[in-house]
Every structure is written in structure tokens, then in C-alpha cells.
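Visitor: Structure incoming, see below.
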Amino acid sequence: MLASMVETLQANRITLVQLAEDFGLVADTAGTAFPEWQDSMPELTTREIETVEEVKQEYLHLARYDLLEPVVKLVILSPLLKLAGFYRPPFYIAAEKSIDLISQDGELTVRGQIDILVFQPKFWVILIEAKRSYYSLRAAIPQTLAYMMGNAQPISFGFVTNGSEFQFLKLTNQNGWQYSLSHTFSLDRKDDLQQVTRTLRHLGQVATRKQSEDA
């Protein structure tokens, strides 16, 4: 009998349907599994609010032309990660980290590279996927979830952005894979970028508490 061929698929081509059928991923239809993005958030100082607004204005200026992913990372993600405290202990940053996700039947491998990973030793804090400025976030969500599933933590958080829109993801692996989404934040709404910054900082705090509890 011939052995079945193992298919390798690039992560940027995976779909939610494939993640459901081949990996057992289900959506949080009740909308109750991701309270962290709606919790009481840490406040920003006056100076931090001013910095967020500067980042917003700089991006809006540059976005008159289509911005590729490296520019989105430079202009938006880098200052937001700094404001969220991810450049200081206990956090570390990795880029272009390779990940493989193998299906339940072993016949499909999803392969790709994480854009940015914020982590603590032995624990992923938040996985970040950046897309060019005119890229739909909806198309980035399956790719991000596949990366998160590749690490197999009981709980993990993700963040996708195209520079002008932002969305947070939560993945749990307790009684099977389940994912939840925040609503989409937008630069077009007055205080959304501040809220994104506060949420990033809050998720870092949540992850730090969890690692301390599990230690």
C-alpha cells in the first residue's frame, strides 16, 4: 500500500474552512470567551496620548500612498509596541519565526513565518501579523490563527493590522481549538488608536500574571 502524500500549504493561503475541517477549529459564537479586550484598561499618560496622536498623524500622511508591510511595521507597530512596554523586561521580541502546524490526520502541514512575536521565556505573549495598507484584515485572520495553533499553548493572543485597522484574537486549546475576535478598531475613529495601545499593554499584563501563576 502506498503511503499517503503529505501536503504542505503556505500559511498565507490557509482558510478558516480548512482550519475547521483539518484542525478542528471552532468560533466562539457566544462572544463570551474573550473578555480581555473589553476589560478595564491601563490608562495612558498625557505624554503617551500625545505620542499616539503623533503616530496617527504620521501614518495618515504617509498612507496617501500604498504602504508595504515593512513600512506599516516601522510607522505603526514599532511605536505601539514601545508604548505598550514590550521593549522592556520581562518581554522579548522575535521576528520571522518559522512555524509548522500539522493537521489531525497528519496529511497537511501549514508552514510560514510569524511577522513579530512578543514573548517571555517559555511563553508567547502576543503574535502580530502586519499587512500592507490596502490589505483586508479578514484575509489575515486564518494565517494568524494557524501560527497561534502551531504553538499549542492553552491560551494565546494575536493582533493583526494593516496600519489603519486593528483587530485582536484569542485562541484557547482546552476542550479543542476555539477562537474569538475583538471588534475592528480604526484610525478613522477618534480614540481607537489609544484603545489599541491600552489593549496591547493590558494583554501583556494578563500574560505576565498567567506566567507567574503557572510558574
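The values are calculated or read from the model by the stated rules, or taken from the named source; none is laboratory data. The shown structure was predicted, so the numbers you read here are calculated from the model rather than taken from an experiment. Cβ sites come from the backbone with ideal geometry, for glycine too, and all protein chains shown count toward neighbours. All accessible areas refer to the heavy atoms of the entire protein, side chains included, with ligands and DNA or RNA removed. Shrake-Rupley method; radii C 1.70, N 1.55, O 1.52, S 1.80 Å.
Visitor: I want to check a number: in the chain, how many lysine pairs have alpha carbons closer than 18 Å, given a sequence separation of 8 or more or different chains?
Guide: Lysine pairs satisfying the spacing and distance rule in the chain number 11.
Visitor: Also, I was wondering about something else. Can you compute the FRET efficiency between N175 and I49 using 1/(1 + (r/R0)^6), with r the Cβ-Cβ distance and R0 = 41 Å? Round to the nearest 0.05.
Guide: Calculated value: 0.50.
Visitor: Considering the values (i) 1.03; (ii) 1.07; (iii) 0.99, which represents Cα Rg over 2.2 N^0.38 Å as calculated for the structure under consideration?
Guide: Answer by label: (i).
Visitor: Let me ask something else. Taking H placed 1.01 Å from N in the peptide plane, check which residues at least 5 places from V125 or on another chain put their amide H under 5 Å from its amide H.
Guide: V118, F119, Q120
Visitor: Let me ask something else. With just the Cα atoms defining each centre, how far is region 104-128 from region 30-102? Give it in Å.
Guide: 18 Å
Visitor: If you place +1 on the Cβ of every Lys and Arg, -1 on the Cβ of every Asp and Glu, and leave all else neutral, what size is the dipole of region 81-211 about its Cα centre, to the nearest 20 Debye?
Guide: 540 debye
Visitor: In debye, nearest 20, what is the charge dipole magnitude of region 38-109 about its Cα centre with +1 on Lys and Arg Cβ and -1 on Asp and Glu Cβ, if you could check? Display every interim value, and only then the final one.
Guide: On the way: 7 positive and 13 negative charges, 70 e Å.
The dipole magnitude comes to about 340 debye.
Visitor: Amide H neighbours of R132 under 5 Å, at least 5 residues apart or on other chains, H built in the peptide plane: list them.
Guide: Counting only residues 5 or more places away or on other chains, the set is E69.
Visitor: Report the antiparallel proportion of the DSSP beta bridges in the chain as a percent, rounded to a multiple of 5.
Guide: The antiparallel proportion sits near 75 percent.
Visitor: Just the accessible area for D100, please: 1.4 Å probe, Å², rounded to the nearest 10?
Guide: 70 Å²
Visitor: Considering the chain as a Gaussian network with a 10 Å cut-off on Cα pairs, which listed residue, G85, G106, G204, attains the greatest mean-square fluctuation?
Guide: With Cα springs under 10 Å in the chain, the top fluctuation among G85, G106, G204 is at G106.
Visitor: Please compute the contact order of region 159-215 in relative form: average sequence separation of alpha-carbon pairs under 8 Å and at least six residues apart, divided by the residue count, as a percent.
Guide: Numbers: 47 pairs, mean separation 12.8, N = 57.
Contact order relative to length: 22 percent.
Visitor: Same structure again: Taking 7 Å along the Cα-to-C-beta vector as the label spot, tell me the R138-H183 distance in nanometres, rounded to one decimal.
Guide: So the label points at R138 and H183 sit 1.8 nm apart.
Visitor: Another one. For L108, which sequence-distant residues (separation of 5 or more, or a different chain) have an amide H within less than 5 Å of its own amide H, given hydrogens modelled in the peptide plane?
Guide: For L108, whose amide H was placed from the backbone, the distant partners under 5 Å are E7, S103.
Visitor: Let me ask something else about it. Say R0 is 41 Å: what FRET efficiency, to the nearest 0.05, do D39 and D100 get from their beta-carbon distance? Write out the running numbers ahead of the final one.
Guide: Numbers: r = 33 Å, r/R0 = 0.80.
Efficiency computed from Cβ-Cβ geometry: 0.80.
Visitor: When the chain is modelled as a GNM with alpha-carbon springs shorter than 10 Å, which of H202, H61, H183 fluctuates the most?
Guide: H61
Visitor: Give a residue-ordered list of calculated ³J(HN,Hα) values for region 70-86 (Karplus: 6.51 cos²θ - 1.76 cosθ + 1.60, θ = phi - 60°; whole Hz; x for Gly, Pro).
Guide: Couplings: x, 6, 4, 4, 5, 7, 9, 5, 4, x, 5, 5, 5, 4, 6, x, 7 Hz.
Visitor: Please list, in order along region 188-197, the HN-Hα scalar couplings obtained from phi with the Karplus expression 6.51 cos²θ - 1.76 cosθ + 1.60 (θ = phi - 60°), rounded to whole Hz, x for Gly and Pro.
Guide: 6, 9, 3, 9, 5, 5, 5, 5, 4, 4
Visitor: Sticking with this one: Quick one: length gained pulling E107 to Q205 fully straight, 0.36 nm per residue minus the C-alpha distance?
Guide: Contour length minus the Cα-Cα distance gives 31.5 nm.
Visitor: Can I ask one more? What GluC sites (Glu not before Pro) does region 9-55 have in DSSP loop regions with at most 14 other beta carbons within 10 Å? Walk me through the intermediate numbers first.
Guide: Values: sites: E21, E36, E43, E48, E50, E53, E54; in loops: E43.
In loop regions of region 9-55 (DSSP not H, G, I, E or B), the sparsely surrounded GluC sites (Glu not before Pro) are E43.
Visitor: Suppose the chain between Y87 and V6 were pulled fully straight at 0.36 nm per residue; how much longer would it get relative to their current alpha carbon spacing? Intermediate values should be presented prior to the final figure.
Guide: Working: separation 81, 0.36 × 81 = 29.16 nm, distance 3.95 nm.
Contour length minus Cα-Cα distance gives 25.2 nm.
Visitor: Convert each backbone phi in region 101-114 into a coupling constant with the Karplus relation 6.51 cos²θ - 1.76 cosθ + 1.60 (shift: θ = phi - 60°), then list the ³J(HN,Hα) values in order as whole Hz, x for Gly and Pro.
Guide: With coefficients 6.51, -1.76 and 1.60, one gets 10, 9, 5, 4, 8, x, 9, 9, 10, 9, 10, x, 10, 5 Hz.
Visitor: So with the 1.4 Å probe, I'd like the accessible area per residue for region 43-174, rounded to whole Å².
Guide: Ligands and nucleic acids excluded, the result is 46 Å² per residue.
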